[in-house]
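Student: Take a look at the following structure, please.
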Amino acid sequence: MKAIILAAGRGTRIPSITKKKPKCLIKVNKIPILLRQINFLRKLNIKDIIIVKGFKKNQINYKNIKYVINKNYKKNEQLESLFCAKKEMKCDLIITFADTIYDFSLLKKIVEFKKGEIILGIDKKWKKRYKFRYDHPFTQADKVKINKQGNLLKIGKGLSLKETNAEFLGILKLTKKGCSIFSKSFKKLKKKEHTNRMQIHNFIQILIQEKEKIFSCDLQGKFMEIDTFNDYKIASKMFTTK
């Protein structure tokens, strides 16, 4: 199994922290959130780690890591950033967003999850994390609608709260077959649409519309996406230990 960490973004909503360094190098409990993810992956014996970097790329320089450069990080989003590493998408794969911090147990659960070819890490109790996120409302969440079997029916920021069951946490798992589905669908999509501004959740919704089966893995535990300075403060209080 390999892992791809998407770390090309700049983090423009936290200029006081990210003006001189990538957001993924923000320290919580004295450790960069990116290094925390790397350590967790290695703890799970995932040693083949690829980081897609762009903004201030020279500052991200951990040993025994393979790096892929997103040269157009200023103009594109998550989806294009992921496919900068398309050559690595040929085996079982974990994909994570570098601006998230979470407990080890969340990553372990999705790594060990066996059902399906494309699996999204979700949180069914997602609303409680938004209690103090005054500058990050529900409308900005990657909301998910799932059926009783845990299969995704819809995903997107535009979902109403009535039809939302959970939030996508920016952690997903692909089997070798799942990687093939991703690659073929992306290649087909590129022929008919501009993909520069697409997020991962936009692509997942397209796969759902194409009748691909997308599974969910409910990840319960501490998790925080760091988009704003307030998010950073919340994470600092939430994660007081490594």
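The values are calculated or read from the model by the stated rules, or taken from the named source; none is laboratory data. Because the structure is a prediction, the values reported are computed rather than measured. With ideal geometry, Cβ positions are generated from the backbone for all residues, glycine too; neighbour counts draw on all protein chains shown.
Student: Which of the residues belonging to the range 4-37 are crowded, with 19+ Cβ neighbours inside 10 Å and at pLDDT below 90?
Tutor: Answer for the range 4-37, where residues must be crowded, with 19+ Cβ neighbours inside 10 Å and at pLDDT below 90: Gly9, Gly11, Ile14, Thr18.
Student: For Val144, only one of the following conditions fails: (1) among the β-branched types (Val, Ile, Thr); (2) farther than 28 Å from Arg13 by Cβ; (3) not in a helix (DSSP H, G or I). What is its number?
Tutor: Val144 satisfies all of (1) among the β-branched types (Val, Ile, Thr); (2) farther than 28 Å from Arg13 by Cβ; (3) not in a helix (DSSP H, G or I) except (2).
Student: Being hydrophobic (A, V, I, L, M, F, W, C), surrounded by fewer than 19 Cβ atoms within 10 Å (Cβ to Cβ) and in contact with a helix residue (DSSP H, G or I) (Cβ under 7 Å, 6 or more places away or on another chain) is the requirement here; does Phe83 meet it? First the steps, then the outcome.
Tutor: Values: hydrophobic (A, V, I, L, M, F, W, C): yes; surrounded by fewer than 19 Cβ atoms within 10 Å (Cβ to Cβ): no; in contact with a helix residue (DSSP H, G or I) (Cβ under 7 Å, 6 or more places away or on another chain): yes.
No, not satisfied.
Student: Another question, then. If you scan the range 2-41, which residues turn out to be at positive phi and not basic (Lys, Arg)? Quick ask: steps written out before the conclusion?
Tutor: Just the residues of the range 2-41 that are at positive phi, to begin with: 11, 29-30.
Across the range 2-41, the qualifying residues are Gly11, Asn29.
Student: Would you confirm whether or not the range 119-135 contains a residue that is under 14 Å from the mean Cα position of the chain (by Cα) and part of a loop (DSSP other than H, G, I, E, B)? Break it down stepwise before answering.
Tutor: First, pick out the residues of the range 119-135 that are under 14 Å from the mean Cα position of the chain (by Cα): 119-123.
Right, trim to part of a loop (DSSP other than H, G, I, E, B) and you get none.
No, every residue in the range 119-135 fails to be under 14 Å from the mean Cα position of the chain (by Cα) and part of a loop (DSSP other than H, G, I, E, B).
Student: Being of a type in the set (A, V, I, L, M) and out of contact with any strand residue (DSSP E or B) (no Cβ under 9 Å at 6 or more places or on another chain): is that true of Leu172 here?
Tutor: Values: of a type in the set (A, V, I, L, M): yes; out of contact with any strand residue (DSSP E or B) (no Cβ under 9 Å at 6 or more places or on another chain): no.
Judged against the criteria, Leu172 is not a match.
Student: Now, a different point. Being free of Cβ contacts under 8 Å to residues at least 24 places away in the same chain and either of a type in the set (Lys, Arg) or assigned to a helix (DSSP H, G or I) (or both) is the filter; apply it to the range 152-179 and report the residue that is surrounded by the fewest Cβ atoms within 10 Å (Cβ to Cβ).
Tutor: Lys162
Student: If you go through the range 180-222 one residue at a time, how many are part of a loop (DSSP other than H, G, I, E, B) and within 16 Å of Asn76 (Cβ to Cβ)? If you could, list the steps in order and put the result at the bottom.
Tutor: If we filter the range 180-222 for residues that are part of a loop (DSSP other than H, G, I, E, B), which is where we start, we get 191-199, 210-214, 219-222.
From what's left, within 16 Å of Asn76 (Cβ to Cβ): 193-199.
Residues in the range 180-222 being part of a loop (DSSP other than H, G, I, E, B) and within 16 Å of Asn76 (Cβ to Cβ): 7 in total.
Student: Any residue at all in the range 67-78 that is surrounded by 15 or more Cβ atoms within 10 Å (Cβ to Cβ), of a type in the set (Lys, Arg) and touching a residue at least 24 places away in the same chain (Cβ under 8 Å)?
Tutor: Filtering the range 67-78 down to residues surrounded by 15 or more Cβ atoms within 10 Å (Cβ to Cβ) leaves 67-68, 70, 73, 76-78.
With the extra rule that they be of a type in the set (Lys, Arg), the set shrinks to none.
No - not one qualifying residue is present in the range 67-78.
Student: Right, something else. If we keep just the residues of the range 203-242 that are among the polar types (S, T, N, Q) and at pLDDT 95 or above, which is farthest from the chain's Cα centre (by Cα)? Steps first, answer last, please.
Tutor: Taking the range 203-242 and keeping what is among the polar types (S, T, N, Q), we get 205, 209, 216, 220, 228, 230, 236, 240-241.
From what is left, the residues that are at pLDDT 95 or above are 205, 209, 216.
Working: Gln205: 15, Gln209: 21, Ser216: 14 Å.
Going through the qualifying residues, I end up with Gln209.
Student: (1) under 18 Å from the mean Cα position of the chain (by Cα); (2) at pLDDT below 95: which one isn't true of Leu161, the others all being true?
Tutor: (1)
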